[in-house]
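The values are calculated or read from the model by the stated rules, or taken from the named source; none is laboratory data. Quantities reported herein were computed from a predicted structural model and do not represent experimental measurements. Using ideal geometry, Cβ is built from the backbone for each residue, glycine included, and neighbour counts are taken over all protein chains shown. In case anyone asks, the SASA skips ligands and DNA or RNA and just uses the protein heavy atoms, side chains included. Shrake-Rupley method; radii C 1.70, N 1.55, O 1.52, S 1.80 Å.
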Amino acid sequence: MTTPESIAAVRVLFEAELNQTEQAQLYHKVDIARARNDDWQVKRFLLDNNNDHQKAFAALCAALQWKKAYGLHELTEASFPLQWWQMVGSEMCGHDREGHLLNWSLLRRYIKFKNPAARRLSQKFLAFINERCDVAAGK
């Protein structure tokens, strides 16, 4: 079980990481603000790493560096073709009794892209949708 103290411990490690000038450039300002202010953005890494502060910190850093390198926060709904939105159905339906996010998803058809650029854009599309769900799950 995560506690406010364990979340604070990971945040202390993350702040120390950000104080190193070179390291701060590895993270997007949106992710830095979320890690500082949104408990869910830290808690999920603690839950996944059995409340181990060091492992949670390492996983947090790796995930946020990947998101910056991938350009996830520069993407918008307009970054993807309309047809992709039409082949994927996703709706956030609310929360269950314990407060967990309920998400309904549907893939109407699967397309395997042979073109590397299209394959990369499709991966970004899935990452974009997952990021939206992750932000909603923290609310």
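Data for the structure
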| read-out | value |
| --- | --- |
| Accessible-area ranking of V10, V88, largest first, probe 1.4 Å | V88, V10 |
| Cut-off 11 Å between beta-carbons: net charge of the residues surrounding H73, Lys and Arg +1, Asp and Glu -1 | +1 |
| Eligible lysines near K43 by straight Cα distance, threshold 28 Å, same-chain separation 8 or greater | K29, K55, K67, K68, K124, K139 |
| Neighbourhood net charge (14 Å Cβ-Cβ; Lys/Arg +1, Asp/Glu -1) for N50 | +1 |
| Dipole moment magnitude, nearest 20 debye, segment 1-97 about Cα centre, only Lys, Arg, Asp, Glu C-beta charged | 40 |
| Heavy-atom accessible area ranking, 1.4 Å probe, most first, across T21, T2, T76 | T21, T76, T2 |
| Segment 1-47, dipole about Cα centre (Lys/Arg Cβ +1, Asp/Glu Cβ -1), debye to the nearest 20 | 140 |
| By accessible area with a 1.4 Å probe, ligands and nucleic acids excluded, highest first: order of V135, V42, V12 | V12, V135, V42 |
| The chain: most fluctuating residue of D39, D31, D48 per GNM, C-alpha cutoff 10 Å | D48 |
| Charge tally in the Cβ shell below 13 Å around A24, where Lys, Arg are +1 and Asp, Glu are -1, A24 excluded | -1 |
| Of (i) 0.98; (ii) 1.06; (iii) 1.01, the label for Rg/Rh (Cα atoms, Kirkwood Rh) derived from the coordinates | (iii) |
| Carbon plus sulfur fraction of accessible area for segment 1-65, probe 1.4 Å, in percent | 53 |
| Average accessible area per residue (Å²) across the chain - probe 1.4 Å, nucleic acids and ligands excluded | 65 |
| Inter-label distance for L126 and D38, nm, one decimal - labels placed 7 Å from Cα along Cα-to-Cβ | 2.2 |
